[in-house]
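Working notes, structure below.
Please treat every number below as a calculation from the coordinates, not as lab data. Nothing here was measured: the structure is a model prediction, and the numbers come from that model. Every residue, glycine as well, gets a Cβ built from its backbone with ideal geometry; the counts of neighbours run over all protein chains shown.
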Amino acid sequence: MSDSFIEVVYKEFIQDFSTQSQQSFAHLRGNVELTDRLEKVRHFGLESFFDGIPSTFDILRKVGFFPFSEAGMDLEFAIANALCGAYKPAYFSLRSFLELGFTGLYFISSSATEAEGKEWVAGVTFTPFFNRSLKRLLLLPEYAASEPHIEYQKMLSDTYNSLSDRTHTRGTPHGHIELNQSNRPQFIEKSFLEFVEMAERCCEALAVTLAIQHPIVLIPLPMNEKFGLNPPLSGFLQEHDVDCLKSFISPKRLRWLETFAANDSNTQGLREWVESQPDLTEDQWQEQIRHQKEFFSQMSRPNITAQSN
């Protein structure tokens, strides 16, 4: 039986993904600085940002972790597409990463009600428009206070609009031919670098939004020493995650945000609470390790109930 028309047309096209990804990897192997930047983007989206989301019952009742875990998956797809030389699809996923991360932060803020969050997660209501959500956030005291100092609205809008120019194809500069220099997937150094730069801008937008809403993420905390393998579910960051988050924020914005966190009584109260906890003893560490091993051992066993005939 001969190959179908679809198979003939797209087999080679799909094979291009593998070929172009190898060129991307070769380029990264020769550029340590760019590799580090891309790894930091991924770490932020899947770990620092996700772990920085506070896990209070009020927040979990609204949207849970869905928008933030989904945003992380969108970032993974964005990076994968860029590595395969499919730059325009990469921007679609990157915009979804920004939109979902921002939408999640909007829903867990006091701007949105629990009912609004639940209806959105259930797919009953549409995802709120980005600019409308931004305007509602700016009515909150913490966001309003930041605006004159860090140009928060301009930063968010500029980043979102730049992504929209690509996903809505604002003329030939944002079309496939310009990005790929071809009608097929192809590694183009300039296009790949532009993707990484845009991903970094998205990370800054989400990092700043989270830091305004939950300033404790700017303060490194001794979570391992105090809680070991059983830390609070999320909302507190260790030093390497704080460093990752801060690395995306421009110096001027970071200075203001750190001052804001230092003067926020709730933030300082959380810091003092964590730091006041006793350090785990070696025996307590070993006990946690033992319990974790037992848990994973039980999870790996097949769930079979013996029945006698």
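Some values worked out for this structure:
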item	result
Only Lys, Arg (+1) and Asp, Glu (-1) charged, at Cβ; the chain dipole about Cα centre in debye	720 debye
Net charge of neighbours whose Cβ lies under 14 Å from the Cβ of Arg136, counting Lys and Arg as +1 and Asp and Glu as -1	-1
Tail beyond 15 Å, pair distance distribution of the range 1-54 (Cα, percent)	67 percent
Net charge over other residues, Cβ less than 10 angstrom from the Cβ of Thr125 (K, R count +1; D, E count -1)	-1
Contact order relative to length of the range 76-193, as percent, for alpha carbon pairs under 8 angstrom and 6 or more apart	35 percent
Extension gain, Gln298 back to Ala80 (0.36 nm per residue minus Cα-Cα distance, nm)	75.0 nm
Semi-axis lengths (Å, descending) of the ellipsoid that matches the C-alpha gyration tensor of the chain	36, 29, 21
Percent RCO, i.e. relative contact order, over the chain, from Cα pairs under 8 Å lying at least 6 residues apart	21 percent
Cβ-based exposure ranking for Met73, Met155, in which fewest neighbours within 10 Å come first	Met73, Met155
Net charge of neighbours whose Cβ lies under 10 Å from the Cβ of Glu151, counting Lys and Arg as +1 and Asp and Glu as -1	+1
Ellipticity estimate at 222 nm from DSSP helix runs (n ≥ 4, -39,500 (n - 2.57)) divided over the chain, nearest 500	-22000 deg cm²/dmol
